[in-house]
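**Student:** Mind having a look at this structure? Questions to follow.
Each value in this text was obtained by applying a stated rule to the coordinates, not by laboratory testing. Computed from a prediction, not measured in an experiment: that's the story for all the values here. As a convention, Cβ positions derive from the backbone with ideal geometry for all residues, glycine included, and neighbour counts pool all protein chains shown.
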Amino acid sequence: MTTPTIGVFDSGFGGLTVLRELLPRIPGAHYIYLGDTARLPYGAKSQATIARYAVESARFLHSRGAQMLVIACNTASALALDDIRAAVPIPVVGVIEPGARAALHALAPLTPCHPERSDARTSSIAQLKDLEASSLPPTSDTIPPQALILATTATVQSHAYRHACEALGLHATELACPLLVPLVEEGWTDHPVTRDVLRIYLTEALSRCTPNVVLLGCTHYPLIATAIQQTLRDLGSQASVIDSARATAAAVQTLLGPTTATGHITLSCYATDSTEKFAHLGSRFLGQPIPKVELLDLGG
Ligand code: DGL
């Protein structure tokens, strides 16, 4: 592929944390980002509704010339990936499998079990697994490592992360943290209320498991990764905190292979609600200003 056009989809702003990781890895690509801000949060909705919204968004990105889709929303990846893949004839990368693999890699020195191949849902993901198989950690006889997955209610109820982790031989405990998305969107990333909420959630989680790694299974949580890490330390846990954004960007890069694209990155942003709010809030997630956002009406 010379200059790839990559569609990136999220229910709102959070997927910009994935785009943030993609930009330096695949420079010269044309990116089309769609945040379905009029219909977020997805994390509290049913599978049928999430799939309908996500498929509409995927079709829009494909109609705009996307040659590959990155489903940067954990909830849509967990509940609608198969529907999206059936709806558009281009490779689709979600965040769940890369996230689970990132957890496994973070645990490499501890991992005792032989990772098994999960059922590959597309040939592209299967290719990715083949590529990664060579770097999987060796077997040993240490204590089974555990992952704690923090995510939205819908993602947790789908058990997509647990299944992806178990397919790799990792034991996973999932915890829904529905209050964290609104706190992050409020900008309360370093706020006493957020720290109190984290303490309550993580106390509950640590009463159920002793994790070696905590995987942030929601696009918004990377913005409070430091507070999560600190709260874990305060509660006596030495678990490391990782997110799936970087691993997803690496998966996209692997799928694309070498590109000859050079020059400036171009980015077209669409939001289904206030473009001003998207540009303002989105710049916090992307880590740089978003100069132009177009309003898109996908219906109710
Ligand atoms: N983007 C969603 C996720 O990663 C969080 C926001 C929402 O619930 O829509 O799960």
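**Student:** What is the magnitude of the charge dipole of the chain about its Cα centre, with +1 placed on the Cβ of each Lys and Arg, -1 on the Cβ of each Asp and Glu, and no other charges, expressed in debye to the nearest 20?
**Tutor:** Charge dipole, the chain, about its Cα centre: 260 debye, nearest 20.
**Student:** Please arrange 21, 294, 185 by how many other C-beta atoms lie within 10 Å of their C-beta, fewest to most.
**Tutor:** 294, 185, 21
**Student:** Same structure, new question: Classify region 148-211: rounded, prolate or oblate, from the alpha-carbon gyration tensor (a ≥ b ≥ c, eigenvalue square roots; a/c under 1.5 rounded; otherwise prolate if a/b is larger than b/c)?
**Tutor:** It is prolate, given that a/c is not under 1.5 and a/b is the larger ratio.
**Student:** Oh, and also: How much length is gained on full extension from residue 82 to residue 295, taking 0.36 nm per residue of separation minus their Cα-Cα distance?
**Tutor:** The span from residue 82 to residue 295 would gain 74.0 nm if fully extended.
**Student:** Something else: Grab the other residues whose beta carbon is less than 13 angstrom from that of residue 278, score K and R as +1, D and E as -1, and report the net.
**Tutor:** Value of the local net charge: -3.
**Student:** Å³ per residue of the Cα convex hull, for the chain?
**Tutor:** 117 Å³
**Student:** Another one. Roughly speaking, what is the centre-to-centre gap between region 50-69 and region 77-106 when only Cα atoms are used, to the nearest Å?
**Tutor:** If you average the Cα positions of each part, the centres end up 14 Å apart.
**Student:** Given 20 °C and 1.002 mPa s, compute D for region 178-300 with the Stokes-Einstein relation, Rh being the Kirkwood radius over Cα pairs; round to the nearest whole µm²/s. Intermediate values should be presented prior to the final figure.
**Tutor:** On the way: Rh = 17.1 Å.
It diffuses with D of about 126 µm²/s by this estimate.
**Student:** Net charge around residue 156, counting only other residues with Cβ within less than 13 Å of its Cβ (Lys, Arg = +1; Asp, Glu = -1)?
**Tutor:** For residues surrounding residue 156, the net value is 0.
**Student:** Sticking with this one: GNM, the chain, Cα, under 10 Å: largest mean-square fluctuation among 190, 243, 273?
**Tutor:** Result: 190 has the largest fluctuation of those listed.
**Student:** Please work out the FRET efficiency for the pair residue 190 and residue 90, using the Cβ-Cβ distance as r and a Förster radius of 35 Å; give the result to the nearest 0.05.
**Tutor:** The calculated FRET efficiency here is 0.35.
**Student:** OK, next. So for the chain, averaging the separation of alpha carbon pairs under 8 Å that are six or more residues apart and normalising by length, what relative contact order in percent results?
**Tutor:** 27 percent
**Student:** A further question follows. Can you tell me the FRET efficiency between residue 264 and residue 179 if r is taken as the Cβ-Cβ distance and R0 is 30 Å, rounded to the nearest 0.05? Write out the running numbers ahead of the final one.
**Tutor:** Numbers: r = 39 Å, r/R0 = 1.31.
Plugging the Cβ-Cβ distance into 1/(1 + (r/R0)^6) gives 0.15.
**Student:** Now for a separate question. Please express the Cα-Cα pair-distance distribution P(r) of region 6-104 as a list of whole percents, one per 10 Å bin, running from 0 to the bin with the greatest distance.
**Tutor:** All Cα pairs considered, the percentages come to 17, 53, 28, 2.
**Student:** Amide H to amide H under 5 Å from residue 171: which residues, 5+ apart in sequence or cross-chain, H placed 1.01 Å off N in plane?
**Tutor:** Hits under the 5 Å cutoff: 147.
**Student:** Quick one: net charge of residue 290's neighbours, Cβ under 14 Å, K/R +1, D/E -1?
**Tutor:** +1
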